[in-house]
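Notes follow once the structure below has been shown.
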Amino acid sequence: MNKPIYLDYNATTPVDKEVLKAMIPWFTEKFGNSASRSHIFGWEAEEAVELSKKQISELIDCEPSEIYFTSGATESINLAIKGVIENKENRIEKIITSTVEHKATLDVCQYLSKSISIEHLPTDSFGNIQLESFTNFPPSNFLVSLIFANNETGNLLNNKLLNTLTYRKSIIKHTDATQAIGKIPFNFKESNFDLMSFSGHKIYGPKGIGSLIIKKGTKISTQIHGGNHQKGVRSGTLNIPGIVGLGKACEIANNNLENYIEKVGKLRTMLENELLQLPDVAINGNINNRLPNTTNLAFGGLDGERLLENLTKVAVSSGSACTSANVEPSHVLLAMGIPISLAYSSIRFSLGKDTTEKEIDIAVNQIKDVVKRLRN
Ligand code: PLP
């Protein structure tokens, strides 16, 4: 069976061949435990972890010592939010997040809402998180957790404004940058965040590995106890092949970032220009401030399920891949005030570094055919 054209790179990416090559020895001949201090097997694993930290720190500009490995962004987000709240020294009184976060953040906040007050900042109709309410908050102890690049619309956080509005307030800031890392420049030091979560499998690294960056001095309580690995912040034997893969993926992303942005940007423009020729098609999101590889299109007057069923030649997503087990419309689009029927008939296209013009052509032709057919 011919597989459809994959335009769902925000859901996951294939492992880059160079990443796989770097990982392979760490499954077999180099199988040491980085916590083994008394022999070469442990030492070389420890060196591999240090190299990975160097590669990651070069992509996102943080200190290698600020990098903690986890099983992925979901775990990083849990560790960041629960860890900050649980640490009594932080005396956090409230969590401020938004309505357009990934479920990982929303569900953690929902869980914590039994014991702490949570405020969800709304968005405008373009999906811009309404940060202005920060001016109304007294300068007391908050944890802010906001998504840096939205997985469904590609919208980017206005971090400059966030920094202005939160200046001199006693706030700990976490960002879920899972979709931003490797797609746009991200500088941890300059961003002013205390914590940042991201994941390997969105950037051509393996699944099951991610990281939480914790700015030096940020107080966080352990969520996974045992063994005292990673300075006791996150225990458990380190996933060396995954860590090697994540580091290599970051190195490759760093070397190719400019080309990537230019390439996927051009192809997305091609895709949008073609599909916007159809009547009643609109872009969901802020076209002036979004990821270069993502577009979310609303196909008015169509049944979303029938649309997806008929798109046999393209693998795309309606809403978030992480929630695609539920046939519910995207909570992000609903939070933007998009009517439920239009949210159902909206599709997220996310392009990758290997997407080609030919693939876009094939996708566009089929989408145009299907839309015309279903509308008749
Ligand atoms: N945050 C965002 C913005 C995401 O897109 C995803 C995955 O889709 C996650 C968090 C969860 O990442 P992981 O699959 O690594 O747990």
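No lab work stands behind these numbers, since they all come straight from the coordinates. Every value quoted in this text rests on a predicted model; they were computed, and no experiment measured them. Here Cβ is always computed from backbone atoms with ideal geometry, including for glycine, and neighbour counts include all displayed protein chains.
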Exercise. Dipole size in debye (nearest 20) for the range 1-136 around its Cα centre, Lys and Arg Cβ +1, Asp and Glu Cβ -1?
Worked result: 420 debye
For this session: Specify which residue in the list Ser221, Asn286, Phe299 is farthest towards the positive end of the charge dipole of the range 212-299, using unit charges on the beta carbon of Lys, Arg (+1) and Asp, Glu (-1), about the Cα centre.
Result: Ser221
For this session: Excluding residues fewer than 8 places away in the same chain, name every one of the aspartates and glutamates whose C-alpha is closer than 17 Å to that of Lys103.
Result: Glu75, Glu119, Glu152, Asp176, Glu328
Problem set entry | Full-stretch length increase - Asn136, Ser117 - with 0.36 nm per residue and alpha-carbon distance subtracted | 5.2 nm
Seminar exercise, completed: the range 78-119 and the range 213-287 have their Cα centres apart by a whole-number Å value of 21 Å
Exercise. Working out 0.36 nm times the residue gap between Ile40 and Lys21, then minus their Cα-Cα distance, what length gain in nm do you get to one decimal?
Worked result: 4.7 nm
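Given the pairs Lys21/Lys353; Lys160/Lys207; Lys216/Lys353; Lys30/Lys219; Lys313/Lys353, which span a C-alpha to C-alpha distance of over 26 angstrom in this model?
Lys160/Lys207; Lys216/Lys353; Lys30/Lys219
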Seminar exercise, completed: Plugging the Cβ-Cβ distance of Asn254 and Arg91 into 1/(1 + (r/R0)^6) at R0 = 51 Å yields, to the nearest 0.05, a FRET efficiency of 0.85
For this session: Treating cross-link reach as a plain straight distance, find the aspartates and glutamates whose alpha-carbon is under 19 Å from the alpha-carbon of Lys88, omitting any fewer than eight places away in the same chain.
Result: Asp194
Exercise. Against the longest principal axis of the chain, how steep is helix 240-275, in degrees 0 to 90 to the nearest 10, with axes from Cα atoms?
Worked result: 20 degrees
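Glu29 to Ile362: FRET efficiency via 1/(1 + (r/R0)^6), r the Cβ-Cβ distance, R0 56 Å, to the nearest 0.05?
0.85
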Exercise. Roughly how many debye, to the nearest 20, is the charge dipole of the chain about its Cα centre, given +1 on each Lys and Arg Cβ, -1 on each Asp and Glu Cβ, and no other charges?
Worked result: 380 debye
Exercise. At 222 nm, what helix-only mean residue ellipticity would the chain give, in deg cm²/dmol to the nearest 500, using -39500 (n - 2.57) for each DSSP H run of four or more?
Worked result: -11500 deg cm²/dmol
Exercise. Can you tell which of Gly226, Gly300, Gly247 shows the greatest fluctuation in a Gaussian network model of the chain with Cα springs below 10 Å?
Worked result: Gly226
For this session: Taking the Cα centre of the range 91-191 as origin, sum charge times position over the Cβ atoms of Lys and Arg (+1) and Asp and Glu (-1), and report the length of that vector in debye to the nearest 20.
Result: 360 debye
For this session: Could you calculate the FRET efficiency of Ser235 with Thr164 from 1/(1 + (r/R0)^6), where r is the beta carbon distance between them and R0 is 22 Å, rounded to 0.05?
Result: 0.05
For this session: Write down the Å³ per residue value for the convex hull defined by the alpha carbon atoms of the chain.
Result: 139 Å³
Exercise. Taking the range 120-273 on its own, what percent of its Cα-Cα pair distances exceed 25 Å?
Worked result: 40 percent
Exercise. Net charge near Thr97, counting Lys/Arg +1 and Asp/Glu -1 over other residues with Cβ under 13 Å of its Cβ?
Worked result: -1
For this session: With springs only between Cα atoms under 10 Å apart, run a GNM on the chain and tell me which of Thr123, Thr164, Thr12 wobbles the most.
Result: Thr164
